[in-house]
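For reference, the structure is listed below as structure tokens.
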Amino acid sequence: MLKDLLQRNRSYRRFAQEVLIAEDQLRELVALTRLCGAAANLQPLRYLLSVEPQRNSRIFRHLGWAGYLKDWAGPAEGERPSAYIVVLGDTTISENFGCDLGIAAQTLLLGAVEQGLGGCMIASMQKQKLREEFDIPTRFEILLVIALGKPVEQVRLVDKEPAGDIKYWRDSAGVHYVPKRTLDHLILPWPEDLA
């Protein structure tokens with residue numbers, strides 16, 4: 001079951017924008033993060049939820065999309081996310097959000113897949129402009145934006161060739177391909193076994 005969720009959990013960047021997401025669905029996703037471990041159990045992450053189209057539009061203009069696709073400015077109107085979760089770190093609780101952020105972001109996206117949705121973690125953003133746009137207090141570090149919606153694109157995993165590139169690409173039909181390192185590239189022999 002986990003393997004199936006992971007295979008369906010891709011970085012989707014084009015959505016059926018007209019398929020609305022309820023705030024309660026986002027609350028259910030954030031509720032999942034409460035079940036996750038947190039470094040020293042500090043639980044410093046906070047979340048801003050957006051399902052309102054006008055607010056979504058204001059968030060969208062501060063985000064960067066698909067850095068490897070140089071000729072693509074991001075999803076067109078009609079293919080934009082229906083919801084966002086802005087992940088913040090409360091610096092009055094902790095200055096370090098590393099492992100907590102990764103655990104929470106993956107949990108949010110796996111939960112979205114379980115709901116029949118898809119999403120994309122976006123770290124490429126104009127953080128200061130986003131802060132100013134929404135008057136986000138400086139005690140909160142803006143860490144990540146999770147874009148969510150009903151995916152309208154196909155994303156396929158392919159094995160990375162030994163000398164190949166890790167950059168994703170799209171074919172002429174718009175299918176998005178993501179090269180993944182093979183298992184043999186990930187697992188190393190123990191150095192003592194090589195002697």
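The values are calculated or read from the model by the stated rules, or taken from the named source; none is laboratory data. Everything numeric in this text was worked out from a predicted model, so none of it was measured. With ideal geometry, Cβ positions are generated from the backbone for all residues, glycine too; neighbour counts draw on all protein chains shown. Ligands, DNA and RNA are stripped out before the accessible areas are found, and what is left, the full protein with its side chains, is counted by its heavy atoms. Shrake-Rupley method; radii C 1.70, N 1.55, O 1.52, S 1.80 Å.
Working only within region 96-105, note down all residues that are open to solvent by less than 60 Å² (accessible area, probe 1.4 Å) and either among the small types (Gly, Ala, Ser) or outside any helix (DSSP H, G or I) (or both). Walk me through it before giving the result.
Quick first cut of region 96-105, residues open to solvent by less than 60 Å² (accessible area, probe 1.4 Å) only: 97-98, 100-102, 104-105.
97, 98, 102, 104, 105, listed by residue number.
Only one of these is at pLDDT below 95 and open to solvent by less than 20 Å² (accessible area, probe 1.4 Å): 73, 83, 16, 66. Name it. If you could, list the steps in order and put the result at the bottom.
Working: 73 fails: open to solvent by less than 20 Å² (accessible area, probe 1.4 Å); 83 fails: at pLDDT below 95; 16 fails: at pLDDT below 95.
Selected residue: 66, the only one of 73, 83, 16, 66 that is at pLDDT below 95 and open to solvent by less than 20 Å² (accessible area, probe 1.4 Å).
Which of the numbered conditions does residue 129 fail, given that it passes all the others? Conditions: (1) within 22 Å of residue 58 (Cβ to Cβ); (2) surrounded by 14 or more Cβ atoms within 10 Å (Cβ to Cβ).
(2)
Residue-wise test of (1) in contact (Cβ under 8 Å) with a residue 60 or more places away in the chain; (2) in contact with a Leu (Cβ under 7 Å, 6 or more places away or on another chain); (3) under 16 Å from residue 145 (Cα atoms).
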| site | (1), (2), (3) |
| --- | --- |
| 43 | no, no, no |
| 54 | no, no, no |
| 66 | yes, no, yes |
| 91 | no, no, no |
| 100 | yes, yes, yes |
| 116 | no, no, no |
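Please specify each residue of region 170-188 satisfying the condition of being in contact with a Phe, Trp or Tyr (Cβ under 8 Å, 6 or more places away or on another chain) and either under 21 Å from residue 9 (Cβ atoms) or open to solvent by 90 Å² or more (accessible area, probe 1.4 Å) (or both).
Here is the first cut: in region 170-188, the residues in contact with a Phe, Trp or Tyr (Cβ under 8 Å, 6 or more places away or on another chain) are 170-171, 176-179.
Once the filter is applied, which keeps residues that are in contact with a Phe, Trp or Tyr (Cβ under 8 Å, 6 or more places away or on another chain) and either under 21 Å from residue 9 (Cβ atoms) or open to solvent by 90 Å² or more (accessible area, probe 1.4 Å) (or both), region 170-188 yields 170, 176, 177, 178, 179.
Which pairs turn up if I take residues in region 181-193 that are closer than 25 Å to residue 164 by Cα and look for partners that are at pLDDT below 90 with beta carbon separation below 9 Å, at least 6 apart in sequence or on another chain?
Matching pairs, first to second residue: 182/162; 185/162.
Of the conditions (1) open to solvent by less than 20 Å² (accessible area, probe 1.4 Å); (2) aliphatic (A, V, I, L, M); (3) assigned to a strand (DSSP E or B), residue 48 fails just one. Which one is it?
Failing condition for residue 48: (1).
For residue 58, indicate whether it is in contact with a helix residue (DSSP H, G or I) (Cβ under 7 Å, 6 or more places away or on another chain), in a helix (DSSP H, G or I) and not hydrophobic (A, V, I, L, M, F, W, C).
Values: in contact with a helix residue (DSSP H, G or I) (Cβ under 7 Å, 6 or more places away or on another chain): yes; in a helix (DSSP H, G or I): yes; not hydrophobic (A, V, I, L, M, F, W, C): yes.
It is true that residue 58 is in contact with a helix residue (DSSP H, G or I) (Cβ under 7 Å, 6 or more places away or on another chain), in a helix (DSSP H, G or I) and not hydrophobic (A, V, I, L, M, F, W, C).
Within region 135-147, can one find any residue that is more than 30 Å from residue 90 (Cβ to Cβ), buried (at least 19 other Cβ atoms within 10 Å of the Cβ), modelled with pLDDT of 95 or more and not aliphatic (A, V, I, L, M)? Walk me through it before giving the result.
So the first thing to find is which residues in region 135-147 are more than 30 Å from residue 90 (Cβ to Cβ), and the list is none.
No, region 135-147 contains no residue that is more than 30 Å from residue 90 (Cβ to Cβ), buried (at least 19 other Cβ atoms within 10 Å of the Cβ), modelled with pLDDT of 95 or more and not aliphatic (A, V, I, L, M).
Of the conditions (1) farther than 30 Å from residue 68 by Cα; (2) open to solvent by less than 100 Å² (accessible area, probe 1.4 Å); (3) part of a loop (DSSP other than H, G, I, E, B), residue 35 clears all except one; give me its number.
The one condition residue 35 does not meet is (2).
How many residues are open to solvent by less than 40 Å² (accessible area, probe 1.4 Å) and in contact with a Gly (Cβ under 9 Å, 6 or more places away or on another chain) when one looks only at region 152-169?
2
Could you grab me the full set of residues in region 106-120 that are crowded, with 19+ Cβ neighbours inside 10 Å and aliphatic (A, V, I, L, M)? Spell out the reasoning first.
First, the residues of region 106-120 that are crowded, with 19+ Cβ neighbours inside 10 Å: 108-109, 111-113, 117-120.
Scanning region 106-120 gives 108, 109, 112, 113, 117.
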